[in-house]
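Since the structure comes first, as structure tokens, the remarks are kept for the end.
The values are calculated or read from the model by the stated rules, or taken from the named source; none is laboratory data. Just so it is clear, the model here is predicted, and its values are computed rather than measured. A quick note on method: Cβ atoms are made from the backbone with ideal geometry, for glycine too, and the neighbour counts reach across all protein chains shown. In case anyone asks, the SASA skips ligands and DNA or RNA and just uses the protein heavy atoms, side chains included. Shrake-Rupley method; radii C 1.70, N 1.55, O 1.52, S 1.80 Å.
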Amino acid sequence: MSRIVLDVRGLKTYFYTYEGVVKAVDGVSFSIREGEFFGLVGETGCGKSVTALSVMRLVDPPGRIVGGEVLLDGIDILKLSEKEMQGVRGRKISMIFQDPMASLSPLMKIGEQIAEVLRKSSKEVSRERILDLLKLVRMPSPERVIDSYPFELSGGMRQRAMIAMMLSAKPRLLIADEPTTALDVTTQAQILNLLKEMKRELKLSLWLITHDLGVVAELCDRSCVMYAGRIVECGTIREIFREPLHPYTRGLLEAIPKVHLKVDRLATIPGTVPDLIDPPSGCRFHPRCPYASYRCIESLPEAVSFTPTHIVFCHLYSGGIKA
Amino acid sequence: MMEDSILRVEGLKKYFPIKSGVWGKVKGYVRSLDGVSLTVRRGETLALVGESGCGKTTFGRTVLRLLRPTSGKIIFGGVDITDLSEKELKPFRRRMQIVFQDPLASLDPRMTIGDILREPFKLHGGFSLREIEEKILQLLESVGMREEHIYRYPHELSGGQRQRVCILRAISLNPEFLVLDEPTSALDVSVQAQILNLLKDLQREYGLTYLFITHDLGIVRFMSDRSAVMYLGKIVELSWNDDLFNNPLHPYTRSLISAIPTFDPELKRREEPILGEVPSAINIPQGCRFHPRCPYAFGACFEREPLLEDRGGGHLVACHLEKL
Ligand SMILES: Nc1ncnc2c1ncn2[C@@H]1O[C@H](COP(=O)(O)OP(=O)(O)OP(=O)(O)O)[C@@H](O)[C@H]1O
Ligand SMILES: Nc1ncnc2c1ncn2[C@@H]1O[C@H](COP(=O)(O)OP(=O)(O)OP(=O)(O)O)[C@@H](O)[C@H]1O
Ligand code: SF4
Ligand SMILES: [Mg+2]
Ligand SMILES: [Mg+2]
């Protein structure tokens with residue numbers, strides 16, 4: 001197996017608000033290997049973005065990282081000074097967001113913005129090199145785009161420009177937070193194909209964050225499912241989609257209307273996501289779980305591994321037996 | 001031909017003028033609907049799908065006469081409502097309703113849920129106060145909400161509960177026809193499943209007819225019987241879902257279907273997705289409007305606009321190709 005690039009261990013990030021402490025990320029562990037596409041999935045508010053922002057050390061007050069380690073190539077970046085961290089951001093880890101407009105400067109031409117990233121990571125800067133990057137992300141008419149402002153581009157082109165910018169620094173890890181959510185299906189398919197090509201050509205390590213299980217199945221090698229600030233299940237794509245174990249993963253997969261399967265009713269998960277100020281005791285999914293027993297209310301389920309990759313946090317499996 | 005249609009639309013166009021300068025000189029038009037014809041049958045769910053900006057919302061709003069059509073005809077329940085005045089439209093208003101994508105934006109933040117639900121009854125009159133209170137309680141219970149919600153404000157509800165309120169407001173006066181404009185796209189999958197099931201139940205219970213607007217083909221498959229695929233203000237294909245999904249005839253429909261991620265890690269996409277981007281509705285390409293993105297385009301596609309024709313069994317397609 002290839003080397004581990006990012007190893008997150010027991011990460012906790014809380015927000016200290018007037019209403020109380022929001023335990024947005026509460027003991028999250030996972031790792032990403034070199035050349036791997038890893039997907040973090042879960043419904044809105046479960047803590048995906050806060051996990052990523054914590055790894056980038058970009059959590060603003062009232063938020064604070066209160067526990068855990070984030071090892072990048074073996075070094076705990078939570079211990080670095082802010083100055084040292086600036087050398088990590090954008091060079092070793094880059095991040096692209098759902099809305100490229102939020103991270104592209106509106107007043108600078110695309111070419112200039114890419115040049116700036118290249119300069120920062122002390123790479124060679126030339127028009128040729130920038131054009132190469134735009135061609136790498138299969139940008140339509142790169143000669144025109146290099147001299148265009150972001151508002152002159154379509155949503156798909158902006159996301160391509162973002163990816164070009166982020167790749168220009170040759171980061172160890174690219175974090176993409178909902179990179180295709182704002183795009184149309186056909187444009188989304190184009191961006192997903194592009195990322196797949198990047199994987200083949202550049203041996204890129206990607207951490208994809210999304211609420212769309214279809215995108216994860218399409219793009220990733222391995223995935224973790226998050227619920228209310230914690231990870232409930234991790235596995236290869238095959239394990240998650242073919243043999244899901246956690247009742248939440250199963251519920252989520254069944255609740256999605258599928259194109260190739262006509263059903264009369266959709267399976268639903270009763271209730272709604274919990275309040276993270278006062279989350280349910282024990283297993284946080286227990287108020288919505290059809291299999292919940294007293295143990296689920298009383299104690300936190302430990303990790304149970306069925307294969308080196310397939311891990312589930314659920315009392316149903318505490319004997320190590322699949323239900 | 002005496003099939004029971006609730007809505008018939010013929011050659012519907014909606015152009016928005018683009019104005020410039022202080023004098024507001026019209027320098028062009030956004031051709032949001034560019035000649036749409038279709039029929040919605042009583043009791044069915046017809047899905048309307050297509051990419052962002054293709055005209056779905058404009059279509060929904062125009063057929064309900066929330067927008068004034070530029071030309072064409074709208075026949076609702078056998079009556080031509082194309083040119084009716086607002087006053088003449090009033091009796092039709094309660095028979096047709098719309099639910100929007102963003103529940104928070106379509107609910108007045110200063111009104112309680114009770115006030116929001118009372119409004120349609122007051123607007124259309126003929127109900128005593130007691131009747132109204134009984135009605136709204138019944139409505140709330142029918143979607144799994146409680147009396148206490150009457151006193152809450154929209155921001156005090158979850159996203160799913162808010163969309164329930166919007167749906168209740170729309171069905172409160174027993175309409176016949178509902179336009180559902182991406183009613184679940186702001187919701188999580190687990191909540192979406194609850195709302196979609198609810199919409200199916202309500203349809204069965206009240207014999208409602210739905211025009212369901214979405215860009216999610218999984219939802220199309222679940223909710224509807226027939227579907228219309230829209231591209232740049234025109235219908236390019238319309239058929240029964242089994243036909244449409246198993247045997248799509250238009251190259252655009254084919255790429256739409258192949259562009260959706262499959263949930264099966266073993267299944268690979270069958271076809272490369274289409275290249276390029278959607279052209280603007282201001283400069284619609286000559287000939288077939290899809291030709292700049294179509295991998296099969298040939299001579300005729302550049303010159304003539306293909307007509308929407310029946311290829312048998314009610315499978316309509318607008319494409320010059322005989323077969324794919
Ligand atoms: N500045 C903040 N103050 C208080 N709570 C916050 C703050 N930022 C985030 N949270 C809370 O942290 C939790 C996790 O948020 P996060 O943005 O990580 O969710 P997410 O999984 O990325 O959701 P989405 O899919 O909607 O992007 C949420 O409950 C959110 O309300
Ligand atoms: N009031 C308006 N004035 C000018 N142009 C408009 C107006 N309303 C809509 N349009 C244009 O009409 C076209 C169709 O818009 P519409 O909102 O109907 O698309 P849609 O298919 O509903 O897209 P989406 O999936 O993003 O909701 C777009 O090009 C849009 O910019
Ligand atoms: S008519 Fe021609 S250009 Fe248009 S979609 Fe069909 S094949 Fe393509
Ligand atoms: Mg997020
Ligand atoms: Mg719309």
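Within the range B:182-196, track down each residue that is open to solvent by 10 Å² or more (accessible area, probe 1.4 Å) and either within 14 Å of B:Phe212 (Cβ to Cβ) or within 16 Å of ligand 3 (Cβ to nearest atom) (or both). Break it down into steps so the answer makes sense when it comes.
Initially, the range B:182-196 is screened for residues open to solvent by 10 Å² or more (accessible area, probe 1.4 Å), giving B:182, B:185-189, B:191-192, B:194.
Across the range B:182-196, the qualifying residues are B:Glu182, B:Ser185, B:Gln192.
Would you confirm whether any residue within the range A:226-242 is among the basic types (Lys, Arg) and within 12 Å of another protein chain (Cβ to nearest Cβ)? Spell out how you get there, then give the answer.
Restricting attention to the range A:226-242, the residues satisfying the condition of being among the basic types (Lys, Arg) are A:230, A:238, A:242.
Pick out the ones that are also within 12 Å of another protein chain (Cβ to nearest Cβ) and you get A:238, A:242.
Within the range A:226-242, one or more residues are among the basic types (Lys, Arg) and within 12 Å of another protein chain (Cβ to nearest Cβ).
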**Prompt:** So which of B:Pro183, B:Pro248 is away from chain A (no Cβ under 11 Å), in a loop (DSSP other than H, G, I, E, B) and free of Cβ contacts under 8 Å to residues at least 60 places away in the same chain?
**Reply:** B:Pro248
**the range B:201-238, subset open to solvent by less than 10 Å² (accessible area, probe 1.4 Å) and polar (S, T, N, Q), residue farthest from A:Asp184 (Cα to Cα)** = B:Thr209
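If only one of B:Leu66, B:Leu104 is under 30 Å from B:Arg146 (Cα atoms), open to solvent by 20 Å² or more (accessible area, probe 1.4 Å) and of a type outside the set (S, T, N, Q), which one is it? Can you show your working first?
Working: B:Leu66 fails: under 30 Å from B:Arg146 (Cα atoms).
Only one candidate passes the filter, namely B:Leu104.
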**Request:** Go through A:Arg265, A:Arg288, A:Arg284 for me and flag whichever is open to solvent by less than 50 Å² (accessible area, probe 1.4 Å), among the basic types (Lys, Arg) and within 13 Å of another protein chain (Cβ to nearest Cβ).
**Result:** A:Arg288
**Asked** Does B:Lys200 meet the test of being under 21 Å from B:Thr62 (Cα atoms), touching a strand residue (DSSP E or B) at 6+ places or on another chain (Cβ under 9 Å) and charged (D, E, K, R)?
**Response** no
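Residue by residue, here is whether (1) more than 16 Å from ligand 1 (Cβ to nearest atom); (2) at pLDDT below 90; (3) out of contact with any Cys (no Cβ under 8 Å at 6 or more places or on another chain) holds:
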residue	(1), (2), (3)
B:Gly114	yes, no, yes
B:Gly125	yes, yes, yes
B:Tyr151	yes, no, yes
B:His155	no, yes, yes
B:Gln161	yes, yes, yes
B:Val165	yes, no, yes
B:Ser172	yes, yes, yes
B:Pro175	yes, no, yes
B:Leu187	no, yes, yes
**Message:** Kindly evaluate A:Asp278 against the criterion of being closer than 30 Å to B:Pro248 by Cβ, of a type outside the set (Val, Ile, Thr) and over 23 Å from the mean Cα position of the chain (by Cα).
**Reply:** no
**Request:** Output the residue which, of all residues in the range B:21-76 that are within 14 Å of chain A (Cβ to nearest Cβ) and part of a strand (DSSP E or B), is nearest to ligand 2 (Cβ to nearest atom).
**Result:** B:Val49
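The rows are residues; the columns are (1) closer than 14 Å to B:Asp34 by Cα; (2) within 16 Å of ligand 5 (Cβ to nearest atom); (3) in contact (Cβ under 8 Å) with a residue 12 or more places away in the chain.
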{"position": "B:Ile282", "(1), (2), (3)": "yes, no, yes"}
{"position": "B:Pro292", "(1), (2), (3)": "no, no, yes"}
{"position": "B:Phe298", "(1), (2), (3)": "no, no, yes"}
{"position": "B:Leu307", "(1), (2), (3)": "yes, no, no"}
{"position": "B:Gly312", "(1), (2), (3)": "no, no, no"}
{"position": "B:Val317", "(1), (2), (3)": "no, no, yes"}
{"position": "B:Glu322", "(1), (2), (3)": "no, no, no"}
**Request:** Write out, first by first residue and then by second, each pair whose Cβ atoms fall under 7 Å of each other, whose residues are 6+ apart or on separate chains, and whose first residue, in the range A:195-214, is of a type in the set (Ser, Thr, Tyr) while the second is within 16 Å of ligand 3 (Cβ to nearest atom) and open to solvent by 10 Å² or more (accessible area, probe 1.4 Å).
**Result:** none
**Count of residues meeting criterion [in contact with a Ser or Thr (Cβ under 6 Å, 6 or more places away or on another chain) and open to solvent by 30 Å² or more (accessible area, probe 1.4 Å)] in the range A:11-24** = 0
**Asked** In the range A:186-220, what residues are at the interface with another protein chain (Cβ under 8 Å from one of its Cβ atoms) and small (Gly, Ala, Ser)?
**Response** A:Ala189, A:Gly214, A:Ala217
**Message:** Among the residues in the range A:46-62, are any at negative phi and either within 14 Å of chain B (Cβ to nearest Cβ) or aromatic (Phe, Trp, Tyr) (or both)?
**Reply:** yes
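Determine whether the range B:112-126 contains at least one residue that is in contact with a Gly (Cβ under 8 Å, 6 or more places away or on another chain) and either away from ligand 5 (no atom under 16 Å from the Cβ) or open to solvent by less than 60 Å² (accessible area, probe 1.4 Å) (or both).
Quick first cut of the range B:112-126, residues in contact with a Gly (Cβ under 8 Å, 6 or more places away or on another chain) only: none.
No, that holds for no residue.
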**Asked** Are any residues in the range B:2-34 at positive phi and exposed (fewer than 13 other Cβ atoms within 10 Å of the Cβ), and if so, which ones?
**Response** B:Gly21, B:Gly24
**Request:** Mind counting the residues in the range A:25-52 that are free of Cβ contacts under 8 Å to residues at least 40 places away in the same chain and surrounded by fewer than 19 Cβ atoms within 10 Å (Cβ to Cβ)?
**Result:** 1
